[in-house]
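In what follows, a single structure is set out as structure tokens and then discussed.
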Amino acid sequence: MDATVENNVKPVRRSKEDKKVIRKQLKASHTLLKHEGISTAPQPTKSLVVANGGLGNGVSREELSAALKQMGEVDKLIMHPNKPYAFVIYRSEESARKAHINLNGEKLQCGENSVTLYLSYVDSVTCEEEASVPLPEGLVLVEDFVCSEEEALLLAAIDWSSTNTDVTAQKSLKHRRVKHYGFEFRYDNNNVDKDKPLPAGIPQECLPVLERCVKNQHIDIMPDQLTVNQYESGQGIPPHVDTHSAFEDTIMSLSLGAKTVMEFRHPDGRLVAVVLPERSLLVMKGESRFFWTHGITPRKFDMVPACDPQSFGDTTPDLRTSSNLTLSKRGTRTSLTFRKIRNEPCRCAFPSACDSQGAPPAPSPPPPPSLPCCHADAALLEEQYVHRVYDAIASHFSSTRHSPWPRVCHFLCSLPPGSVLADVGCGNGKYLGVNLELSAVGCDRSSALVQICAERGFQAFVSDALSVPLRAASCDACISIAVIHHFSTQERRLAAVQELVRLLKPGGRALIYVWAFEQEYNKQRSKYLKDHNKELPENHNPAEDSPEESQEPQGKSSVHSSSHSEDNYRTVDNNQHVTDGKLSVHTNRTAFETKDLLVPWHLKDGKKRVEGDSGEGGKKDQQKEKSKKTSRSKATLDCNPATSPGFDSNMFSDSSLDTIAATHSSKPIPGCDTSQTCSSALKSESEIIPAPVFHRYYHVFQQGELEQLCAQQAGVTVQSSYHDQGNWCVILEKALNR
Ligand SMILES: O=C(O)CCC(=O)C(=O)O
Ligand SMILES: [Fe+2]
Ligand SMILES: [Zn+2]
């Protein structure tokens, strides 16, 4: 990318801003020390740490390097995967000084986003030797296997416009489109109908390529089946092993049009990410074909080595530890996968993964839960699909919850100084610090979130919203923001309101927000829906900040068998409402079809905490948030642009960085679609494993429903009710004589 300081860096600033920059720079140094163990130096040196200038902030090497080079000759630029900072070593101290003066506190434009850089001197920078890892046994990558002309010819040979799908079995899958030649690979049974060859065999344009494969001894028999996969940016294929009984040993995949990163996982947890450049041929044989899964994580950027692909023989750069990485934007990639249909049962050396030798098929997904019919079922459902999920996603969730909603703030600021406030279901405590004149206490069912509150200096305790251990009539005000919609029966929702009322003093007021069934109100689509077409967001946020991630729900992955796609859970489609009492999974950013549903949460970067890595979390400057509405959906903790282009670019800009708790459980839980990751992947320390998807239960409220709920409480009046960004809200008041 072409970046210049003139273009990318804002010039002059005033002295008030100077002070702000210094403050933020100090904060950044403090965070670097606390979270990363990096101490900054008071005196100028040749080396600088550039906070917010990391790959984890979505800054590419080219962009940062262009800005840094304008200050002098750069000896080394070190960018670690996912980190929210970079190191630069200048040839001279003079250049480092110049960079410090001119770039500190300045904005760097990175694609559509900008980051504010904070630079501090460091005494030394340790740069480890570039590590490489062995490729899975039997895997060979041949770069430049076809030339550009051949590539164009092959791409032109695939006719996607054909309407006769019977000839080549063309399908649009959730995360890519596919076309089969020779035989159709069926994703329903993960096999081929061997006695039903397709009318169209492998296109003849492929023959010269296949002949070269034979000549170069990559294969010894000609393939008779071709699957063409086309992936747009952001798409991928779940980890899988191509069904043993369907295809012979060697499988070859030719990458055309754009590069990607394919992840190979061994059942023992090893993970090897391999960059597949455009025009390269990947040959999978033996262990790499039969035992390792291969898959492509759906994302819009990959982290790849900064230098041009070199021949690494039977190793590949370790993308997890390399300090020489850059971001590569994904383009449209078309792969041609050539396989030979197997006519005899497989007799490979990997019986545990071999369907011909009795290995069980991929574990079937857990059945979706049903709406509860009794109190015990309801409690269980909430335990599995609300409480455990929040505990597991707490730090990621918290990183997406930074901007208090204006009308909630308005309520809080309308309370007289000294008022006692209870925030029931306080989450990460983002409302506890809004009005410092209040005596505010929060509680939440998730101990992980309460821990985050504590780290942020807020008073909070673990409690169920149905029985808060505070004295009756002890609060001047209560808030319940995005909580009551998690109760799965009418009685429990009613009891939750009742508990708020119990806490209120006579004359006290409570503000309640719940997610609305109606996401379009007064002809206005809520932000949740509006963001649908944006590149960035997706995890939804009822009554909360704007959403923060971009993936479509991913297909399932399987370690030992081939299940190439499609979700485990049912999604609600246009015609299918809940038919059998089972809860359906909502498709994020679409209108609701049912009132009781499961909403996916795509965990980002959480595995770092699964692994006990302290990680680097943070949240944004709230002031800045207010003025920068367009980008506030980006998650600060989600600083991995490789898993999400919706990253927060200003890691070090906020006052409450020290908020992240190590809270994830790596155990599979019912609310988590663990089949979308794989157990072996969870053991890996890699940053680039597919994110597990959790499902949270919601009851979305129809217009009037919340008011009705409140009206059932004795001694309460609804002062006002309104619709706010896809939420129904009421302010209720407890009668003076209660
Ligand atoms: O896109 C690729 O290179 C791999 C496709 C694949 O694994 C498959 O279709 O089974
Ligand atoms: Fe495959
Ligand atoms: Zn086998």
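None of the figures in this text is laboratory data; all of them are computed from the coordinates on show. Remember, predicted model here, so these are calculated numbers, not experimental data. Glycine gets a Cβ as well: all are built from the backbone with ideal geometry, and neighbour counts include every protein chain shown.
Taking the Cβ-Cβ separation of residue 447 and residue 352 as r and a Förster radius of 45 Å, what is the calculated FRET efficiency to the nearest 0.05? Calculated value: 0.75.
Each of 492, 525 has some number of other Cβ atoms within 10 Å of its Cβ, and from fewest to most they run 525, 492. Note on residue 123 and residue 196: their simple-model spin labels are 7.2 nm apart, each label 7 Å out from Cα toward Cβ. Stretched out straight at 0.36 nm per residue, the stretch from residue 439 to residue 92 would grow longer than its current Cα-Cα span by 119.5 nm. Just to verify a number: FRET efficiency for residue 343 and residue 380, C-beta to C-beta distance, R0 = 35 Å, to 0.05? In this case the efficiency is close to 0.10. Reported to the nearest whole Å, the Cα centre-to-centre distance from region 250-288 to region 433-484 is 49.
With a Förster radius of 41 Å applied to the C-beta separation of residue 409 and residue 332, the computed FRET efficiency comes to 0.40.
Can you give the % of DSSP beta bridges in region 402-503 that are antiparallel, to the nearest 5? In region 402-503, approximately 0 percent of DSSP beta bridges are antiparallel ones. Potential lengthening of the chain between residue 156 and residue 459 amounts to 102.7 nm, from the contour at 0.36 nm per residue minus the alpha-carbon distance. Residue 717 label point, 7 Å along Cα→Cβ, cut-off 12 Å on backbone N: hits in region 493-509? Backbone N within reach: 507. In this structure, the pairs whose alpha-carbon distance is over 19 Å, taken from 24/46; 194/340; 27/83; 20/107; 69/107; 16/107, are 24/46. Computed over the Cα atoms of region 447-489, pair by distinct pair, the Kirkwood hydrodynamic radius stands at 12.2 angstrom.
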